[in-house]
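Asker: Before we start, here is the structure in question, set down as structure tokens.
The values are calculated or read from the model by the stated rules, or taken from the named source; none is laboratory data. Please read all numbers here as calculations on a predicted model, not as lab measurements. Here Cβ is always computed from backbone atoms with ideal geometry, including for glycine, and neighbour counts include all displayed protein chains. With ligands, DNA and RNA removed, areas are computed over all heavy atoms of the protein, side chains included. Shrake-Rupley method; radii C 1.70, N 1.55, O 1.52, S 1.80 Å.
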Amino acid sequence: MSQAASTASEASPSRFPLAVLLLGGAAIGGSPIFVRLSEVGPMATAFWRVALALIPIFIVSMLKKDAGPKPQSLSDYGLLILPGVMLSLDLAAWHLSITMTSVANATLLANLAPVFVTVIGFLFFKARISGVFMGGLALALAGVVILKGGPAALGNGDLHGDGLAMIAAFFYACYILALGSLRSRFDTMRIMLWSTASAAVCIFPVALLFEGHMLPLSVYGWSMVFGLAFISHAGGQVAITYALAYLPAAFSSLTLLLQPVVAAILAWALLGEAIGTMQALGGAVVLAGIMVARMSRASA
């Protein structure tokens, strides 16, 4: 086999997971639109997001002939539940931060998750971090700042709400790292079934306490929460969980910075929100940062 053919065969296995990861990020990028159009509050919407997603996840899990290894101990079950607990804390902190600070601040600070993933991976998992990857991370984060209106957008928030948004970013980083560690042992659908169920159990009492009203009032309202559950969670999170078996958690979390770019495009297409020069430039910078980080993987 020639050297070029060998290189191509070695690179091809990572291309499909990367494509799946990008599709997952795009699917999750639509979640702010569903949340905004939902007839129930943000906490109740978060509950329906994970509760209804159990329907397709459970069906696919039952149809799979080879579901991989089963949990053997209480610690295994605890590890399968852990990502759902982290996700529920992320969603609770994120949705609460939106009510306390500016939307721009909440979005910008919640997108610090890749920073937390990189730092935690380096400190506790001895992950290798290249200078090229760090440059890509900085570039992508700068793109998110530009996309959301530049540094001036950070001046209109509330300190407590900003802190909650950063806490949400931390818990989302823990969610990604927990998923990544499980993928070396368990099948994608098994992980998603347990983590999604545990997230629903954790979010339900919080939603009931903070909002009370849980049920959408119309077919339109139900269509929004079903869309959020089936597309953003059952589609997006399953895709991300699959890709984490093949791609490093730090790179995967960086690629998810596509979410605000997709959200801006969907807001333009579905809600008539204009995309100005700053938004277009920010989206381009985010994509450039991801490409630079991808170069660090190719050269590894």
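Asker: Only one of (1) modelled with pLDDT of 90 or more; (2) in contact with a helix residue (DSSP H, G or I) (Cβ under 9 Å, 6 or more places away or on another chain); (3) in a helix (DSSP H, G or I) fails for SER181. Which number is that?
Answerer: Against the list (1) modelled with pLDDT of 90 or more; (2) in contact with a helix residue (DSSP H, G or I) (Cβ under 9 Å, 6 or more places away or on another chain); (3) in a helix (DSSP H, G or I), SER181 comes up short only on (1).
Asker: Another question, then. If you scan the range 39-56, which residues turn out to be small (Gly, Ala, Ser) and closer than 16 Å to LEU96 by Cα? Please lay out each step first, then the result.
Answerer: Initially, the range 39-56 is screened for residues small (Gly, Ala, Ser), giving 41, 44, 46, 51, 53.
Selection gives GLY41, ALA44, ALA46.
Asker: If you go through the range 43-70, how many residues are open to solvent by less than 50 Å² (accessible area, probe 1.4 Å) and of a type outside the set (S, T, N, Q)?
Answerer: As a first pass, look at the range 43-70 and keep what is open to solvent by less than 50 Å² (accessible area, probe 1.4 Å): 43-54, 56-57, 61, 67-68.
Pick out the ones that are also of a type outside the set (S, T, N, Q) and you get 43-44, 46-54, 56-57, 67-68.
Adding up the residues that qualify gives 15.
Asker: Continuing with this model, one more query. Among what's in the range 224-238 and is crowded, with 22+ Cβ neighbours inside 10 Å and either charged (D, E, K, R) or under 15 Å from the mean Cα position of the chain (by Cα) (or both), pick the residue that is farthest from ALA178 (Cα to Cα).
Answerer: If we take residues in the range 224-238 being crowded, with 22+ Cβ neighbours inside 10 Å and either charged (D, E, K, R) or under 15 Å from the mean Cα position of the chain (by Cα) (or both), then LEU228 is farthest from ALA178 (Cα to Cα).
Asker: Within the range 71-83, is even one residue at pLDDT below 85, surrounded by fewer than 18 Cβ atoms within 10 Å (Cβ to Cβ), over 27 Å from ALA44 (Cβ atoms) and more than 18 Å from the chain's Cα centre (by Cα)? Even if it seems obvious, please write down each step before you answer.
Answerer: Kept after step one, since they are at pLDDT below 85, are these residues of the range 71-83: none.
For the range 71-83, residues at pLDDT below 85, surrounded by fewer than 18 Cβ atoms within 10 Å (Cβ to Cβ), over 27 Å from ALA44 (Cβ atoms) and more than 18 Å from the chain's Cα centre (by Cα): absent.
Asker: Within the range 1-33, which residues are of a type in the set (A, V, I, L, M), at pLDDT below 50 and part of a helix (DSSP H, G or I)? I'd like the intermediate steps shown before the answer.
Answerer: Initial filter on the range 1-33 (of a type in the set (A, V, I, L, M)): 1, 4-5, 8, 11, 18-23, 26-28, 33.
From what's left, at pLDDT below 50: 1, 4-5, 8, 11.
ALA4, ALA5, ALA8, ALA11 - these are the residues of the range 1-33 that are of a type in the set (A, V, I, L, M), at pLDDT below 50 and part of a helix (DSSP H, G or I).
Asker: Let me spell it out: the conditions are (1) open to solvent by 10 Å² or more (accessible area, probe 1.4 Å); (2) not β-branched (Val, Ile, Thr); (3) not in a loop (DSSP other than H, G, I, E, B), and GLY221 meets all of them except one. Which number is the exception?
Answerer: Only one criterion in (1) open to solvent by 10 Å² or more (accessible area, probe 1.4 Å); (2) not β-branched (Val, Ile, Thr); (3) not in a loop (DSSP other than H, G, I, E, B) is unmet by GLY221, namely (1).
Asker: Residues being under 14 Å from the mean Cα position of the chain (by Cα) and either on the phi > 0 side of the Ramachandran plot or open to solvent by less than 30 Å² (accessible area, probe 1.4 Å) (or both): count how many of those fall in the range 110-129.
Answerer: Final tally of qualifying residues: 5.
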